[in-house]
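In what follows, a structure is listed as structure tokens, so that the remarks can point back to it.
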Amino acid sequence: HGLLTFDPGFKSTASCRSAITYIDGDKGILRYRGYPIEELAAHCSFTQVTHLLLHGELPDASDLDAFNRIIHDHNLLHEQVLSFYRGFRRDAHPMAVMVGVVGALSAFYQDLQDYSKPEQQMKAAIRLFAKMPTIAASCYTYSIGRPARYPDNRLDYASNLLQMMFGKPNEPYEVDPVIARALDLILTLHADHEQNASTSTVRMAASSGANPFACIASGIATLWGPAHGGANEAVLNMLEQIGSIENIPNAIKRAKDRNDPFRLMGFGHRVYKNHDPRSAIIRDMTKSVLKHLNKENDPLLAIALELERVALSDEYFIEKKLYPNVDFYSGILLSAMGFPRRMFTALFAVARTSGWVSHWLELKGDTAHGIDRPRQLYVGPTLRHVEKPHS
Ligand code: CMC
């Protein structure tokens with residue numbers, strides 16, 4: 001096969017050069033633009049982090065002001081976009097609706113046809129970032145039959161998402177600052193993760209010159225799977241299925257059985273083989289939010305903590321270097337905060353949009369990068385011929 005390298009699942013292929021996110025999976029290091037995730041999580045808001053991912057630098061006060069103003073200019077959905085929702089069954093999965101609505105935006109923004117201009121590229125990137133909470137909240141309000149609320153520009157990004165999700169149209173909504181901070185942290189931790197499956201999909205779509213809204217829709221579609229962004233929802237389903245601490249040994253036994261499709265959801269990672277630095281941050285936040293909400297005795301948290309303890313001392317998990325990933329606790333946290341399970345991955349999509357649009361911009365700026373076009377090892381039949389038609 002000549003010079004072809006066979007690398008199924010791209011386990012050892014660098015598909016591009018990128019200056020956005022650095023991961024050292026053996027050491028459990030994650031940095032955005034050089035800054036450790038721990039420092040960003042402790043000291044920065046998701047909006048600041050998105051400015052960092054998009055523009056390469058953390059904003060000073062006036063940059064942040066300007067950035068917020070642009071987000072505020074773009075966070076409304078055109079009333080006609082709201083009519084897209086009505087084409088969906090109201091019990092559709094929010095990710096299905098989100099793929100459709102975001103993809104359909106490519107038909108909507110006719111003014112942005114020329115994506116060769118950097119200012120048009122940035123406008124599309126910010127439009128997507130600004131609209132995602134409104135789109136996600138509308139997926140939810142549509143599913144429960146409540147009118148969508150407008151974004152409130154007095155609020156920060158996370159608080160705004162909360163009020164659009166949970167606020168009733170006829171009542172003021174009081175944002176709980178502890179919950180808003182927790183959501184902001186979840187968004188930061190999920191903002192980017194270099195060439196994961198959905199980001200690679202966005203880049204591949206972009207490499208053909210596709211419309212940015214269509215590119216991000218392809219990322220949303222890829223994120224949906226349970227091996228990727230769907231894991232947070234799958235973790236909660238799994239914990240519920242395990243049901244009680246007594247059933248943990250059996251769950252561990254099943255996860256180790258190669259003939260059983262059951263896996264410990266929220267465990268393992270393609271890149272982290274030591275620990276996922278995001279999981280410790282989210283575990284601490286989960287404990288403090290549950291305390292704040294007087295839900296410390298949450299039975300699923302008790303099962304999760306014990307499951308983690310048992311798995312981390314089990315030979316199989318040690319040998320295969322399987323650790324809890326970012327999504328092991330995020331589902332419990334989001335659930336305690338009042339988010340319905342079906343919205344978990346949609347929230348991940350809101351967060352990851354920040355990374356997706358940054359990678360999209362980076363790719364657009366890399367004019368030397370041609371279309372992504374992997375090769376294959378052909379394993380089908382060798383040459384054969386169509387027999388003369390039977391009459
Ligand atoms: N439970 C039990 N065994 C596992 C698990 C698990 N969660 N994860 C991996 N293994 C085993 C796997 O069976 C394989 O065993 P063997 O060597 O005997 O074939 C070995 O560990 C290596 O696993 P792999 O599937 O080849 O590793 P991968 O890099 O292809 O997959 C993964 C990584 C995250 C898809 C996988 O660990 C998994 O399915 N985990 C559960 C789903 C999950 O939590 N996904 C969220 C990832 S973090 C958020 C995100 O980035 O989206």
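The values are calculated or read from the model by the stated rules, or taken from the named source; none is laboratory data. Only a predicted model underlies this, so the values are computations on that prediction, with no experimental measurement involved. Note: ideal-geometry Cβ built from the backbone for every residue, glycine included; neighbour counts use all protein chains shown. To get the accessible areas, we keep the full protein, side chains included, count just its heavy atoms, and leave off ligands, DNA and RNA. Shrake-Rupley method; radii C 1.70, N 1.55, O 1.52, S 1.80 Å.
Does SER198 satisfy being more than 14 Å from the ligand (Cβ to nearest atom) and hydroxyl-bearing (Ser, Thr, Tyr)? No, not satisfied. The helices (runs of 4 or more DSSP H) located wholly in the range 281-391 that include 3 or more residues which are touching a helix residue (DSSP H, G or I) at 6+ places or on another chain (Cβ under 9 Å) and open to solvent by less than 30 Å² (accessible area, probe 1.4 Å) occupy 299-312, 327-336, 344-365.
For GLY56, the stated conditions hold: it is closer than 30 Å to ALA368 by Cα, among the small types (Gly, Ala, Ser) and at pLDDT 95 or above.
One residue stands out among those in the range 297-331 that are farther than 18 Å from ALA231 by Cβ and in contact (Cβ under 8 Å) with a residue 60 or more places away in the chain: the one that is nearest to the ligand (Cβ to nearest atom), which is TYR316.
Reported count of residues in the range 279-293, each being near the ligand (Cβ under 10 Å from one of its atoms) and of a type in the set (D, E, K, R), is 0. Of note, PRO133 does not satisfy the criterion of being open to solvent by 50 Å² or more (accessible area, probe 1.4 Å), of a type outside the set (D, E, K, R) and closer than 26 Å to ASN211 by Cα. Out of ASP184, ASP192, one residue alone is of a type in the set (Asp, Glu), closer than 27 Å to SER335 by Cβ and within 16 Å of the ligand (Cβ to nearest atom). It is ASP192. No other residue among LEU77, LEU162, LEU155 is part of a loop (DSSP other than H, G, I, E, B), modelled with pLDDT of 95 or more and on the phi < 0 side of the Ramachandran plot apart from LEU155. Being touching a Pro at 6+ places or on another chain (Cβ under 8 Å) and either within 16 Å of the ligand (Cβ to nearest atom) or open to solvent by 10 Å² or more (accessible area, probe 1.4 Å) (or both) is a condition met by no residue of the range 211-228. LEU162 meets all of the listed conditions (1) under 24 Å from LEU128 (Cβ atoms); (2) hydrophobic (A, V, I, L, M, F, W, C); (3) open to solvent by 20 Å² or more (accessible area, probe 1.4 Å) but one, namely (3).
Per-residue answers, yes or no, for (1) open to solvent by 10 Å² or more (accessible area, probe 1.4 Å); (2) away from the ligand (no atom under 14 Å from the Cβ):
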{"site": "ASN232", "(1), (2)": "no, no"}
{"site": "GLU240", "(1), (2)": "yes, yes"}
{"site": "SER244", "(1), (2)": "yes, yes"}
{"site": "PRO249", "(1), (2)": "yes, yes"}
{"site": "PHE262", "(1), (2)": "yes, no"}
{"site": "GLY266", "(1), (2)": "no, no"}
{"site": "TYR272", "(1), (2)": "no, no"}
{"site": "PRO277", "(1), (2)": "no, no"}
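Report whether or not ALA42 is in a loop (DSSP other than H, G, I, E, B), more than 19 Å from the chain's Cα centre (by Cα) and small (Gly, Ala, Ser). I'd like the intermediate steps shown before the answer.
Values: in a loop (DSSP other than H, G, I, E, B): no; more than 19 Å from the chain's Cα centre (by Cα): yes; small (Gly, Ala, Ser): yes.
So ALA42 fails the test.
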